[in-house]
1. What FRET efficiency comes out for Gln150 versus Ala320 if R0 is 45 angstrom and r is the Cβ-Cβ distance? Round to the nearest 0.05.
2. Beta carbons within 10 angstrom, averaged per residue: use that to sort the peptides 201-208, 44-51, 283-290, 162-169, highest first.
3. Counting only Cα, what are the radius of gyration and maximum Cα-Cα distance Dmax of segment 107-253, in Å?
4. Kirkwood Rh over Cα pairs of segment 180-258 into Stokes-Einstein at 20 °C, 1.002 mPa s: D in µm²/s?
5. Collect residues whose amide H, placed 1.01 Å from N in the peptide plane, falls under 5 Å from the amide H of Gly56; neighbours closer than 5 in sequence don't count.
6. How big is segment 237-338 on each of its three principal axes, counting only the C-alpha atoms and giving the largest first in Å?
7. Classify segment 214-271 from the C-alpha gyration tensor, please: rounded if a/c falls under 1.5, else prolate or oblate depending on whether a/b exceeds b/c.
8. Taking a probe of 1.4 Å, how large is the accessible area per residue of the chain, in Å²?
Amino acid sequence: MKKSPSRICRTAWWVVALAGILAAPLWFAHARAQGERVASAYPAKPIRIIVPFPPGGSNDIIGRYVAQKLTARLGQQIVIDNRAGADAIIGTQLAATAVPDGYTLLIVSTTHTMTPATHNKLPYDPLRSFTPVALIGTGPVMIGTYPGLQVSSLKDLIALAKAKPGELHYASSSAGGVTHFAGELFNMMAGVKIVHVAYKGGTPAITDVIAGHVPVLVNTLAAVLPHVRSGRLKILGVGSATRTAALPEAPTVAEAGVPGYEASIWWGTVGPAGLPRGIAARMNAEIGAIVREPESVKWFTAQAADPLAATPDEFGKIIAADMIKWGKVAKEAGLSVQ
């Protein structure tokens, strides 16, 4: 029996992440000890964290927060290096070819597991070219419009899209990324055809929707929250299974008109393949400690996100499982960038 898009969208990776949180105190204590023994001199100089998207998007927001906290904890400057372009492939390839000494890391998100399904010839292998380091957090996507569009609910948008098939457009932060997949999943499950417009990052997509150049936006809630609160964007639904504490008045997409719809993003860090296990363990322990801080929990909640922790091995399993899941969605939706 063919699986429905809603069943394909759901995944069990969060079970692994939850297990990581429950086991985190003991594992992090062991990891810290191992990291201190194997990489006692690390870090001895500034660390570069590549963000393969422009400034302002959720990957950048999360990356900069973690970098600030790591700088204070490690006593070394953590430098964010935005290397956007080619649907995050440019920055990701740069990290894949870096020296695996712990001084170049990469912020990855769910998009990292989707790119293989839409690009036939990647210059790196999403699994074998990297060493998983740490899971950071997760948050929902959103579907919204600029205030000038004459719709007041998701059902209104669906009705308008059905009345004008192929005439409405939605902006996403990249082709083949989580917001693109989330938009196409919405098309599939709502039975509409809103045409995708890919941007080079979340910020330019948001800017064009606010200006009214594109009527609909699919983005991460973390990236658009200030614009929703200021009234420059109208949110119609969030992709999480339940309403978010950061914006409780916003309905889920499922309750607003598309039952079973779920779409979220996770963020994490990886290093190049061959990264010493002790360094990965040390950074995992440091990032795990950061996301467990009460201050961080409060910050993530304000960003419409939830902090998460997992060991490097558990994070690697999440990446592998999501590659399979989103590959199925891409096949059913006929997604292709190349």
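The values are calculated or read from the model by the stated rules, or taken from the named source; none is laboratory data. Just so it is clear, the model here is predicted, and its values are computed rather than measured. We place every Cβ from the backbone using ideal geometry, glycine too, and count neighbours over all the protein chains shown. Calculation scope for accessible area: heavy atoms of the full protein, side chains included, ligands and nucleic acids excluded. Shrake-Rupley method; radii C 1.70, N 1.55, O 1.52, S 1.80 Å.
1. Numbers: r = 44 Å, r/R0 = 0.98.
Plugging the Cβ-Cβ distance into 1/(1 + (r/R0)^6) gives 0.55.
2. Numbers: 201-208: 21.5, 44-51: 17.4, 283-290: 23.1, 162-169: 12.6.
Result, highest mean first: 283-290, 201-208, 44-51, 162-169.
3. 15.6, 48
4. Details: Rh = 13.2 Å.
In µm²/s, the coefficient is 162.
5. Ile61
6. 48, 40, 21
7. Working: a/c = 1.65, a/b = 1.16, b/c = 1.43.
Verdict is oblate for segment 214-271.
8. Details: 13540 Å² over 338 residues.
That works out to 40 Å² per residue.
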